[in-house]
Amino acid sequence: TRIYVDTNIGNAEDIQVVQRYMQQNNWLAQLTSGDPAAINQYPYDRPHCYLINPLNAYMDMYYATGDKLYLNAVTGGWKIYHNDFEHIGGTIAVCEGGWYPAKSYRLRQHTGELCGSIFWTFLNQQFRLLYPEEEKYTAELEKCIYNVGAANQCENGDILYHAHLIAPKHSHEEESRNTCCEGQGTRLFGALPEFIYKISDDGIYVDLFNESEIIWEQGGEKLKLAQHTAFPYEPEVKMQLSLEKPIKAKIRVRVPGWATKPMDIFINGKKKTTGTPGTYVTLARTWENKDEIRFTLPMSFRLIKYAGIEDGFQGEEAYALEYGPILMAVVGRNVQNNGVANISLTEKELLGKLSPVAGQPLHFMINDREEDNMVYIPYYDVKGDLRDAFTCYPI
């Protein structure tokens, strides 16, 4: 139950009702301790990604009361999901009706349910507003936007229920028939503008990199920031300020944790500072009309070895590939219908042989004669058709 205190749909008495009839102190203590059983064995034998939803509600309780009991439990729950039940790319690796021990990361079961990742996105939104300098929370919702929200929407507008990381992308004909996931998907798409910026008393945070504009008021004066970028297809970002008179403000720019090196930031063409990956750079100055901020996001490839209990690899090593925050998938004639693909290269060799496909942003050919029929594309570009052969975990 979400709590809305002192609004037209809630009051302080609602908190007492929740505490008296719905609050489960034993579960709060288990979450605080970091016990994975609080997720994969709760409430009895049907674990579910929906358990993120009560974490949203308990964070509301912390907002309303200030009681650290709630914050400690929600923080513990966040760590459990992040460390034990999150696939590479941001989908949630637990669902009802199956066996999902901690760090199982099962790929051919009903994990990757859209609802779970939407709840996860909004939980990270709550943390992001509570701890605006903690980059990791923005990084989590960024992954969910690109690798789950965008990946679960079809070209015709339908929204998928599951998003499996090995073919087929969704499970069966239950997809797109007015289930919980379609509703939560529209909730995410409608909320996307909320995630780009954070407004503070002394300025603004730039969290995500999207073509956008924002107008906010500070000290009785209005400021406008316009962000111009083709990210994730291009790494360059330009921001320009519009204001009627000089204003002192702090513009905090996120340097993503996935950045592969420190990021130089330029103001009006001159290098101002360098930011460390996983932090925010504070640009504090008196800003003038048409001041310009530029930087290039240090995007590169990262291979992550599969470490779960999936038995479809027959003892071979499988790796996911990320480019910046974008989860990549292998497609092509050499990918079998069941999502099995073999790349006869070492990890180091593979990274050295990926070359861009002309005219197709974020598509990379494996530049090796034996692998000519396989291409890496963003996972969100994989169609939801049951016949599409792909894998995010080639061997």
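The values are calculated or read from the model by the stated rules, or taken from the named source; none is laboratory data. Owing to the predicted nature of the structure, the values given are computational and were not obtained by experimental measurement. In this analysis, Cβ positions are derived from the backbone assuming ideal geometry, glycine residues included, and neighbour counts consider all displayed protein chains. Protein only, heavy atoms only, side chains kept; ligands, DNA and RNA dropped before computing areas. Shrake-Rupley method; radii C 1.70, N 1.55, O 1.52, S 1.80 Å.
Hey, could you check segment 352-384 for residues that are in a loop (DSSP other than H, G, I, E, B) and within 23 Å of C144 (Cβ to Cβ) and say which is modelled with the lowest pLDDT?
Among those residues, the one meeting the criterion is G384.
Which numbered condition in (1) open to solvent by 30 Å² or more (accessible area, probe 1.4 Å); (2) over 28 Å from I366 (Cβ atoms) is the only one that P277 fails?
(2)
Count, please, the residues in segment 45-67 that happen to be charged (D, E, K, R) and farther than 21 Å from V17 by Cβ.
2
Answer yes if at least one residue in segment 137-148 is open to solvent by 10 Å² or more (accessible area, probe 1.4 Å) and modelled with pLDDT under 95, and no otherwise.
There is no residue in segment 137-148 that is open to solvent by 10 Å² or more (accessible area, probe 1.4 Å) and modelled with pLDDT under 95.
Which members of segment 285-296 meet the condition of being over 18 Å from G324 (Cα atoms) and open to solvent by less than 60 Å² (accessible area, probe 1.4 Å)?
Correct list: W287, D291, E292, I293.
For segment 297-319, what are the residues that are surrounded by 15 or more Cβ atoms within 10 Å (Cβ to Cβ) and over 25 Å from the mean Cα position of the chain (by Cα)?
Answer for segment 297-319, where residues must be surrounded by 15 or more Cβ atoms within 10 Å (Cβ to Cβ) and over 25 Å from the mean Cα position of the chain (by Cα): G312, F313.
Looking at segment 223-245 only, could you name the residues that are touching a Leu at 6+ places or on another chain (Cβ under 7 Å) and either of a type in the set (A, V, I, L, M) or modelled with pLDDT under 95 (or both)?
Those that are touching a Leu at 6+ places or on another chain (Cβ under 7 Å) and either of a type in the set (A, V, I, L, M) or modelled with pLDDT under 95 (or both): L223, L225, V237, M239, L241, L243.
Of the residues in segment 202-215, how many are among the hydrophobic types (A, V, I, L, M, F, W, C) and either loosely packed, with under 15 Cβ neighbours inside 10 Å or farther than 16 Å from A249 by Cβ (or both)?
Of the residues in segment 202-215, 3 are among the hydrophobic types (A, V, I, L, M, F, W, C) and either loosely packed, with under 15 Cβ neighbours inside 10 Å or farther than 16 Å from A249 by Cβ (or both).
From the list L303, L283, L243, L223, which one is touching a Phe, Trp or Tyr at 6+ places or on another chain (Cβ under 7 Å) and closer than 20 Å to L208 by Cβ?
Answer to the check: L223.
Scanning for something modelled with pLDDT of 95 or more and of a type in the set (S, T, N, Q), does segment 88-103 turn up at least one residue?
No, segment 88-103 contains no residue that is modelled with pLDDT of 95 or more and of a type in the set (S, T, N, Q).
(1) modelled with pLDDT of 95 or more; (2) touching a Ser or Thr at 6+ places or on another chain (Cβ under 8 Å); (3) not basic (K, R): which one isn't true of V335, the others all being true?
Unmet condition: (1).
Kindly check whether there is at least one residue in segment 30-37 that is touching a Lys or Arg at 6+ places or on another chain (Cβ under 8 Å), of a type in the set (S, T, N, Q) and either open to solvent by less than 20 Å² (accessible area, probe 1.4 Å) or in a helix (DSSP H, G or I) (or both).
Checking segment 30-37: not a single residue is touching a Lys or Arg at 6+ places or on another chain (Cβ under 8 Å), of a type in the set (S, T, N, Q) and either open to solvent by less than 20 Å² (accessible area, probe 1.4 Å) or in a helix (DSSP H, G or I) (or both).
So the check is Cβ under 7 Å with 6+ separation or different chains; which pairs have a first residue in segment 347-361 that's of a type in the set (S, T, N, Q) and a second one that's open to solvent by less than 70 Å² (accessible area, probe 1.4 Å)?
From segment 347-361, the pairs are S355/F364; S355/M365.
Could you list all residues from segment 218-274 that are open to solvent by 50 Å² or more (accessible area, probe 1.4 Å), in a strand (DSSP E or B) and under 30 Å from Y379 (Cα atoms)?
Result: H228, E236, K238, D264.
Select from segment 56-110 the residues that are assigned to a helix (DSSP H, G or I), in contact (Cβ under 8 Å) with a residue 60 or more places away in the chain and among the aliphatic types (A, V, I, L, M) and write down the one among them that is least open to solvent (accessible area, probe 1.4 Å).
Result: M59.
Only one residue in N152, N156, N147, N124 is at negative phi and touching an Asp or Glu at 6+ places or on another chain (Cβ under 7 Å), so which one is that?
Values: N152 fails: touching an Asp or Glu at 6+ places or on another chain (Cβ under 7 Å); N156 fails: touching an Asp or Glu at 6+ places or on another chain (Cβ under 7 Å); N147 fails: touching an Asp or Glu at 6+ places or on another chain (Cβ under 7 Å).
Among N152, N156, N147, N124, only N124 is at negative phi and touching an Asp or Glu at 6+ places or on another chain (Cβ under 7 Å).
From the list L130, L141, which residue is within 13 Å of the chain's Cα centre (by Cα), within 24 Å of G190 (Cβ to Cβ) and hydrophobic (A, V, I, L, M, F, W, C)?
Going through L130, L141 in turn, just one is within 13 Å of the chain's Cα centre (by Cα), within 24 Å of G190 (Cβ to Cβ) and hydrophobic (A, V, I, L, M, F, W, C): L141.
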